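I have placed the structure first, in the form of structure tokens, so that the comments after it can refer back to it.
Nothing in this text is a laboratory measurement; each read-out follows from the coordinates by a stated rule. For clarity, every value in this text was computed on a predicted model and none was experimentally measured. Reconstructed Cβ throughout: ideal geometry from the backbone, glycine too, with neighbour counts over all protein chains shown.
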Amino acid sequence: MLVQSYMVRITVCVVTLLLLTGCGTAMHPSLNSAEQFWPSTEPVKNAKKYFRNGNFGLAEKHYRLAVEKTPRSAEAWLGLAASYDQLRRFDLADKAYTSARQLVGDRPSILNNIGYSYILRSDLEKAKHKLLEAFNKDPDNPHIMNNIEILNQSLIENGRAVVVVKKS
């Protein structure tokens, strides 16, 4: 009887040690991947800071981390697209704009950014189309109005007619 009691205690100790060892790896994730410790908004917050400071390479890196971490974030996709625009990676910008549009549709902010992207590419006709589409959805948006003004300056420089918009 004493031997059985002793064996039960050893078995319980071994099982407990195995369980604790298994839990230990789950409690301490690998230190190789720093982003798993970030709150989900941290990459976007950092990306916005880099973008505002004109550091578009680091902005792109952080927006890319954000879309990898939260692929259903239209804000992250839109920021990534704008970063790609500034880096003149229009092929990647188009893909990011498509992802944002698939998530939230043709919001004025997305159409506005696409219009600005076309200004950067010197495709003023497509820019005009997208900016007017954005304006029709949100005529009081100052960002859209600013981009229409930039478009008009480009049109004047190219000897072309300007875009006239009127609020309803």
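Key figures for this structure:
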| read-out | value |
| --- | --- |
| Radius 11 Å from Cβ of THR41, net charge of other residues (Lys, Arg +1; Asp, Glu -1) | +1 |
| Extension gain from SER154 to THR70, taking 0.36 nm per residue of separation minus the Cα-Cα distance | 26.6 nm |
| Restraint check, LYS49/LYS167; LYS45/LYS126; LYS126/LYS167, Cα-Cα greater than 29 Å | LYS49/LYS167; LYS45/LYS126 |
| Net charge, GLN86 excluded, C-beta distance under 15 Å - Lys, Arg +1, Asp, Glu -1 | +4 |
| J(HN,Hα) series, segment 120-131, from Karplus relation 6.51 cos²θ - 1.76 cosθ + 1.60, nearest Hz, glycine and proline x | 4, 8, 6, 9, 6, 5, 5, 4, 4, 4, 5, 5 |
| Ranked by how many other beta carbons lie within 10 Å on average, peptides 58-68, 135-145, 153-163, 74-84 from highest | 74-84, 58-68, 135-145, 153-163 |
| Using alpha carbons only: equivalent-ellipsoid semi-axes of segment 43-168, gyration tensor based, whole Å | 26, 16, 12 |
| Under 14 Å, Cβ to Cβ, from ARG121 - net charge with Lys/Arg +1 and Asp/Glu -1 | 0 |
| Whole-Hz ³J(HN,Hα) from phi, Karplus 6.51 cos²θ - 1.76 cosθ + 1.60, for segment 64-73, glycine and proline x | 5, 4, 5, 6, 5, 7, 9, x, 9, 9 |
| Set of aspartates and glutamates with alpha-carbon distance to LYS137 below 18 Å, sequence-local pairs under 8 removed | ASP106, GLU149 |
| ASN146-VAL162 pseudo-label distance in nm [points 7 Å out on the Cα-to-Cβ vector] | 1.9 |
